[in-house]
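Below is one structure, written out as structure tokens, with a few remarks after it.
Readers should treat all values here as calculations from the given coordinates under stated rules, not as data from a laboratory. As the structure is a prediction and not an experimental result, all values here were calculated from the model. Cβ coordinates were reconstructed from backbone atoms using ideal geometry, including for glycine residues, and neighbour counts include every protein chain displayed.
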């Protein structure tokens, strides 16, 4: 093909494209389409919120779990626990996380030891240990809630003194906060707007967060509603009591810190020592799983570690 023919074909193609664009621009749209196109020119373009990759992965994994009704029903058992972390995870998504943790530890045990027993132990630890991590997350959230509640009450008291109503003071206190107190109080306000009493919603917060302070606050609000009196004074007295109790808890926790660290070290020492011996001299521990006397010794040792850990937990735990 000569260059002249190529040039002619290119020119014809370019002319066709230009003509098509011009015809489509002036005659290819209906009046309504042209009006909408003009309006888009003057419309403020909002940036689309990009969903994080982890969130998209969890959503996809949760949809996959829902394909199996039996697994989905089993996942619903964790609804109460997931509700205590603010509802950031759905039961199906949490089940996907548990299965992924079980598979990861199972594969890791198989690769490191080539043992079916260790693989099964890894699967069990991953699946059931995930709920242990969830409980630790819940405990940490409860402590954070207890620490932040007196500060939120102080903000509410300041708003009440400025003339706000109780609902308005709660909204002002949690408007720009993302902590557990703000999340739970916003949820209580949403429940109240739908239907129900505000005190009942606060009582449900106390049940979810295992917070005796919130129970006291609800009791004080109900007494004030029935008996009368200054709401500011009632909430100020409740806030002061919470602060004193929180100070005493921190003081006791600091004094018992050495005992708690000792409990952790003594509990972990036999486990870490056994793991180190297994990876350095595997034959040294074989009699514990191959001979009857060794199995008895291993069972007694495990029972002793568990009982010792429970006893140390009771000793160093001080209720305030």
**Message:** Once you order the gyration tensor axes a ≥ b ≥ c over the Cα atoms, which shape class does region 117-265 get: rounded for a/c under 1.5, otherwise prolate or oblate by comparing a/b with b/c?
**Reply:** prolate
**Message:** Between residue 56 and residue 190, what is the label-point separation in nm under the 7 Å Cα-to-beta-carbon projection?
**Reply:** 2.4 nm
**Prompt:** In what sequence, highest mean first, do 298-307, 203-212 appear when ranked by Cβ atoms within 10 angstrom?
**Reply:** 203-212, 298-307
**Complete:** In terms of the alpha carbon gyration tensor, root eigenvalues a ≥ b ≥ c, rounded if a/c is under 1.5 and otherwise prolate when a/b exceeds b/c or oblate, region 253-320 is oblate
**Request:** Using per-residue counts of other Cβ atoms within 10 Å, averaged over each peptide, order 100-112, 224-236 from highest down.
**Result:** 100-112, 224-236
**Asked** Between residue 81 and residue 309, what FRET efficiency comes out of the Förster formula 1/(1 + (r/R0)^6) with R0 = 25 Å and r the beta carbon distance, rounded to 0.05?
**Response** 0.65
**For region 257-316: relative contact order, % (alpha-carbon pairs under 8 angstrom, 6 or more apart)** = 44 percent
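Classify region 147-234: rounded, prolate or oblate, from the alpha-carbon gyration tensor (a ≥ b ≥ c, eigenvalue square roots; a/c under 1.5 rounded; otherwise prolate if a/b is larger than b/c)?
Judged from the Cα gyration tensor, region 147-234 comes out rounded (a/c under 1.5).
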**Complete:** If the label point sits 7 Å along Cα→Cβ of residue 256, residues of region 279-320 with amide N under 14 Å come out as 310-320
**Request:** Over region 141-242, calculate the relative contact order: mean separation of alpha carbon pairs under 8 Å at least 6 apart, over the residue count, as a percent.
**Result:** 28 percent
**Message:** Contact order normalised by length for region 54-139, with contacts defined as Cα pairs under 8 Å and 6 or more residues apart; what percent is it?
**Reply:** 27 percent
**Fill in**
Per 10 angstrom bin, beginning at 0 and ending with the bin that holds the maximum distance, the Cα pairs of region 54-139 fall in percents of 19, 43, 30, 8, 0
**Complete:** If 59, 165 are placed from fewest to most neighbouring beta carbons inside 10 Å, the sequence is 165, 59
**Prompt:** Given 0.36 nm per residue, what is the gain on full extension from residue 148 to residue 162 after removing their alpha carbon distance, in nm?
**Reply:** 2.9 nm
